[in-house]
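See below for the structure under consideration.
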Amino acid sequence: MSISLIRVDPEANDRRALIEFFTHNEFPFHAYARRRTAAEVSELIDSGAFDGEDRRSYWLDHDGLGRIGLIRLEDLCDDTPMFDLRLAESSRGRGLGAECLRAATDHLFTTLEADRFEGQTRADNLAMRSIFVRTGWTKEAHYRRAWPVEGREPQDTVVYAILREEWESGKVRGLQWHDRPQFAPENSSDVAFESNAVPTVDELTALYQSVGWSAYTRDPASLHVSVMASAHVVTALHDGEVVGLARVISDFGSIVYLQDVLVHPDHQRRGIGRLLVERVLCPFSEVRQTVLLTDADPALTAFYVSLGFHEVSGSLQSDVRAFMQN
């Protein structure tokens, strides 16, 4: 089964069809949710709402079910086009939304030179948010109380987008949400420390390989996404080369988890690990608990104890040790 986009001719052949579509369907998660009157639809048509210099509308035709909805591509003169997707009431709840979005994305990137395609929805529109994720789109913004709702308080708006390179490769690029540096770049001897400046995929892979962490390097893209999703990342650089990294995961209130601390073997035993830990935890001084898991290695135990952690493992028979710092 496939979905085709059929260009709407609002001024002539499709005028009656547009009026019928909007007078017979409600769209609960749109800013204007109720069914429109024929006069309102006619006014929209005459004002150029469905076709113009920067917008085009298309019927969504399913090869097995027939016409299932309408999509309007907007801001076509901008670098980032957007869309307005509306499924007919009879077509909802049948898993067609993702197929429609894929078809629209294919159409846009094959007919325009745009590098990004963007869509917005209400935060409580869980079905549409699921469609975005399933079709490879990434959440890029969250606007508080920005979506007007008739007769109610405004709802939050969430923004998703897909890049041309993601559409071409089928691989999603990670997004670094916690991107604000927690301190200015600083030097300690011949080593520079940077906050939330995430290394490239190749730099991360080389560093993790240098310490033998092969479980991470089997999937470099996933490693890069994981590091970018960290609450805070600190890198150590020597002559511009990444020689160390520490990262944490946190809810920014009650707990912070020290996930990775690693230093290239050529630069170990110089105090870089200690400085990485101190800097990566610096923004979390008010967080109640700092925890970590590590291998049952006496050297690692001594290292973390020297940083103020104490062991809380339940069994000395385990190959893993748990540490906490209050």
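The values are calculated or read from the model by the stated rules, or taken from the named source; none is laboratory data. Predicted model only: the values in this text are computed from it and were never measured. Note that each Cβ is placed from the backbone with ideal geometry, even for glycine, and that neighbours are counted across all protein chains shown.
Tabulated values for the structure
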{"read-out": "Extreme residue, surrounded by the most Cβ atoms within 10 Å (Cβ to Cβ), among residues of the range 230-274 that are under 21 Å from Val287 (Cα atoms) and of a type in the set (Ser, Thr, Tyr)", "value": "Ser230"}
{"read-out": "Residue that is surrounded by the most Cβ atoms within 10 Å (Cβ to Cβ) [pool: residues in the range 107-148 that are among the β-branched types (Val, Ile, Thr) and outside any helix (DSSP H, G or I)]", "value": "Thr121"}
{"read-out": "Of all residues making up the range 138-194, the number that are more than 20 Å from the chain's Cα centre (by Cα) and β-branched (Val, Ile, Thr)", "value": "2"}
{"read-out": "Count of the range 1-47 residues which are in contact with a His (Cβ under 9 Å, 6 or more places away or on another chain) and not hydroxyl-bearing (Ser, Thr, Tyr)", "value": "4"}
{"read-out": "Asp79 being assigned by TED's automatic domain parsing to the domain that holds Arg164, at pLDDT below 95, touching a Lys or Arg at 6+ places or on another chain (Cβ under 8 Å) and not in a helix (DSSP H, G or I)", "value": "yes"}
{"read-out": "Candidates Asp239, Asp266, Asp260 - the one that is in contact with a helix residue (DSSP H, G or I) (Cβ under 9 Å, 6 or more places away or on another chain), farther than 28 Å from Lys171 by Cα, assigned by TED's automatic domain parsing to the domain that holds Pro199 and not basic (Lys, Arg)", "value": "Asp266"}
{"read-out": "Where Pro199 falls short, out of the listed (1) of a type outside the set (A, V, I, L, M, F, W, C); (2) in contact with a helix residue (DSSP H, G or I) (Cβ under 8 Å, 6 or more places away or on another chain); (3) part of a helix (DSSP H, G or I)", "value": "(3)"}
{"read-out": "Options Ile45, Ile3; residue that is touching a Leu at 6+ places or on another chain (Cβ under 7 Å) and closer than 20 Å to Gly95 by Cα", "value": "Ile3"}
{"read-out": "Unmet criterion (only one of (1) modelled with pLDDT under 95; (2) at negative phi) for Gly170", "value": "(2)"}
{"read-out": "Cross-chain or 6+ apart pairs with Cβ under 6 Å, the range 242-257 first and over 17 Å from Gln182 (Cα atoms), then small (Gly, Ala, Ser)", "value": "Val243/Ala236; Gly244/Ala236"}
{"read-out": "Set Ala38, Ala49: member being aliphatic (A, V, I, L, M), farther than 18 Å from Ala98 by Cα, modelled with pLDDT of 95 or more and over 31 Å from the mean Cα position of the chain (by Cα)", "value": "Ala38"}
